[in-house]
Structures are given as structure tokens and as C-alpha cells.
1. Could you list 71, 161 so that the one with the fewest beta carbons within 10 Å of its beta carbon is first and the one with the most is last?
2. Ranking 31, 70, 149, 111 by Cβ neighbours within 10 Å, fewest first, what do you get?
3. Any chance you could run the full-extension gain for residue 156 through residue 80? It's 0.36 nm times the residue separation minus the Cα-Cα distance, nm to one decimal.
4. Residue 144 versus residue 23, label points 7 Å from Cα toward the beta carbon: distance in nm?
């Protein structure tokens, strides 16, 4: 750890460690804000304020990445709790499909690969919320099932059940694509 790298009110967290996971955490914030860039930036800023102020204290019971993902998850939950029912109504009747995470859209892919990625992401979006979240955390955000479960606030066993059910549902749907 470099001199001055540790946060004053959260000594177990270093600036360099936060910088190393920033893009992954921002991707998670984007998904929590339904891919609204401005809302995700606000959520990230709020998460960093919580970390810098010491309101969210890292106690090394999990990895820093899991901890910060959990902070973002909890802030997003509290932020959207009041509008959740209205948002569900809008999403139910909305004709557009949410775009896949930016790390799934690669410019070097040909149009067939992009179509396949879009179809896969469309099926992921149709999963129940907890299954969708665990698939995104494991495959897109590169967390383990255990860490993803901690972020989601469920036991590891429950996380494994959601992960298994999501994989089975996707396997069935993707089998129909062939």
C-alpha cells in the first residue's frame, strides 16, 4: 500500500484497489439503474461518498469487490424502492429491449455474432429478477456464485439455486435458437 493510498475513514480500502474495480462496479451500477448513464454515475458517486465518509465500512469479511458491489446494490434498492411498482408497469408495456451491458457489445464481432449476443441477452432479460442478477454478476461482472449471492443479499445455497435454475432456463431457450 502506498503512503496516503488508504482512505482516511475506511483504512481497509485503498484508492488504487477502488480504481482497479471501478469499471466493473460501474457496469453493475448501470444494470441497477436500467442502463441510465446519468443515474448510474449518481449511484457511483453516492457509493464513493459512503466509502469515503466511512458510513460503509469494509471489514474484510468478503472481497473488496463483493463489498463495493453490495454497497451499490443496497443504494440502488433504497433509491428505487418508491418507484419500483411504477417502473415495473413501464417495463411491462415497453416495446423496446434493454441493451446488453457494454462489455458484451464488442465492435470486432460480425453481425451474426452481434445478433446471437442480442438474442442471448434478450433471454437473460426475460429471466426472473434474481436469476437475471446472478447470471449478470457471474458471467458479465466475473464474480463467483458465493460473492454474487452476498451482493444480492441471499445465502450461498439460495444463490446456487437461482444460478442453476437460470442456466437450465437459458439452456432450454438457447436450444430453441439452433
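What follows draws every value from the coordinates through simple rules; no lab data is involved. Given the structure is predicted, the values throughout are model-derived calculations rather than measurements. Methodologically, a virtual Cβ is constructed for each residue, glycine included, from the backbone with ideal geometry; neighbour enumeration extends over all protein chains shown.
1. Working: 71 21, 161 16.
In increasing order of surrounding Cβ atoms, one gets 161, 71.
2. Working: 31 21, 70 18, 149 25, 111 7.
Fewest-to-most Cβ neighbours within 10 Å comes out as 111, 70, 31, 149.
3. Numbers: separation 76, 0.36 × 76 = 27.36 nm, distance 2.49 nm.
Here the answer is 24.9 nm.
4. Reported label-point gap for residue 144 and residue 23 is 2.4 nm.
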